[in-house]
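Okay, so here's the structure we're looking at.
The values are calculated or read from the model by the stated rules, or taken from the named source; none is laboratory data. These numbers come from a predicted model, not from an experiment. Neighbour counts run over all protein chains shown; Cβ positions are idealised from the backbone, glycine included. Note: areas computed on protein heavy atoms with side chains; ligands, DNA, RNA excluded. Shrake-Rupley method; radii C 1.70, N 1.55, O 1.52, S 1.80 Å.
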Amino acid sequence: MLTKISLLIMRIGTGMLLVLWGGARLFREGMGAGLAEKYYGGVGADTTLQTAFASVEVLIGVLVVVGLFRKYALIAQAIILVGGAAAIWKHFLDPFGLYLFTEPGDANLLFFPSLTVAGAALALIALRKQDTLALDRLLRKGR
């Protein structure tokens, strides 16, 4: 039972992260473009692209939270969360800004948990069959 509850908590936590970040990009003008400029070298900074990405991010997050279409939703989530973590790799190797950052103040210790979130997204894929509290699993069981 602990495994089922742990997977449910991981699914809710990682899925809500997508919902919250996607929602922030949708409702905070310029936030998505600013993030794209700062961390992704400007790739995807276009407002229309950011709106589309944020909408898809929210949808994927909702699907993950409730546990629907997990075969695809969990992979999409992992691409977003692992990709996002890869972009901030310096913060994992130098969380205090001692040697990889030109300015020590550029390091952000709060980015370090992104490594754990990326791992959780991958674990959800690996343990999908054990996640029996997901809605798609419960609907299949009811048939």
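Given the options Phe101, Phe112, name the one that is over 18 Å from Val56 (Cα atoms), surrounded by 13 or more Cβ atoms within 10 Å (Cβ to Cβ) and in contact with a Pro (Cβ under 6 Å, 6 or more places away or on another chain).
Numbers: Phe101 fails: in contact with a Pro (Cβ under 6 Å, 6 or more places away or on another chain).
Unique residue meeting the criteria: Phe112.
Consider Ala52 carefully, then state whether it is open to solvent by less than 60 Å² (accessible area, probe 1.4 Å), assigned to a helix (DSSP H, G or I) and at pLDDT below 95.
Yes, satisfied.
Please identify the pairs in which a residue from segment 38-53 that is more than 17 Å from Ala24 (Cβ to Cβ) has its Cβ atom under 8 Å from the Cβ atom of a residue that is at pLDDT 75 or above and open to solvent by less than 60 Å² (accessible area, probe 1.4 Å), counting only partners at least 6 apart or on another chain.
Note: pairs meeting the criteria are Gly42/Ala36; Val43/Ala36; Asp46/Ala33.
In segment 51-95, which residues are β-branched (Val, Ile, Thr), within 18 Å of Glu37 (Cβ to Cβ) and in contact with a helix residue (DSSP H, G or I) (Cβ under 6 Å, 6 or more places away or on another chain)? Break it down stepwise before answering.
If we filter segment 51-95 for residues that are β-branched (Val, Ile, Thr), which is where we start, we get 51, 56, 58, 60, 62, 64-66, 75, 79-80, 82, 88.
Remaining after also requiring within 18 Å of Glu37 (Cβ to Cβ): 51, 88.
Ile88 - this is the single residue of segment 51-95 that is β-branched (Val, Ile, Thr), within 18 Å of Glu37 (Cβ to Cβ) and in contact with a helix residue (DSSP H, G or I) (Cβ under 6 Å, 6 or more places away or on another chain).
Run down Ile79, Ile5, Ile88 and say which single residue is open to solvent by 50 Å² or more (accessible area, probe 1.4 Å) and under 30 Å from Glu103 (Cα atoms).
Ile79
Given the criteria in contact with a Phe, Trp or Tyr (Cβ under 9 Å, 6 or more places away or on another chain), open to solvent by less than 80 Å² (accessible area, probe 1.4 Å) and among the acidic types (Asp, Glu), does Asp136 qualify?
Values: in contact with a Phe, Trp or Tyr (Cβ under 9 Å, 6 or more places away or on another chain): yes; open to solvent by less than 80 Å² (accessible area, probe 1.4 Å): yes; among the acidic types (Asp, Glu): yes.
So Asp136 fits the description; yes.
I'd like the full set of residues that are part of a loop (DSSP other than H, G, I, E, B), closer than 25 Å to Leu74 by Cα and open to solvent by less than 50 Å² (accessible area, probe 1.4 Å), limited to segment 24-44. Before the answer, list the steps.
Kept after step one, since they are part of a loop (DSSP other than H, G, I, E, B), are these residues of segment 24-44: 28-30, 40-44.
Next, from what is left, pick out any that are closer than 25 Å to Leu74 by Cα: 40, 43-44.
Within segment 24-44, just Gly44 meets the criteria.
Regarding segment 60-68, can at least one residue be identified that is closer than 20 Å to Ala120 by Cα, of a type outside the set (Val, Ile, Thr) and outside any helix (DSSP H, G or I)? Outline the logic, then answer.
The first filter runs over segment 60-68 and keeps only residues closer than 20 Å to Ala120 by Cα, leaving 60-68.
If we keep only those that are of a type outside the set (Val, Ile, Thr) too, we end up with 61, 63, 67-68.
Those still in the list that are outside any helix (DSSP H, G or I) too: 67-68.
Yes, segment 60-68 has at least one match.
Is it fair to say Arg70 is among the basic types (Lys, Arg) and either touching a Phe, Trp or Tyr at 6+ places or on another chain (Cβ under 8 Å) or crowded, with 17+ Cβ neighbours inside 10 Å (or both)?
yes
Kindly list, by first and then second residue, each pair from a residue in segment 118-143 that is charged (D, E, K, R) to a residue that is open to solvent by 80 Å² or more (accessible area, probe 1.4 Å), limited to pairs with Cβ atoms under 8 Å and residues at least 6 apart or on different chains.
Correct list of pairs: Arg128/Lys71; Asp136/Phe69.
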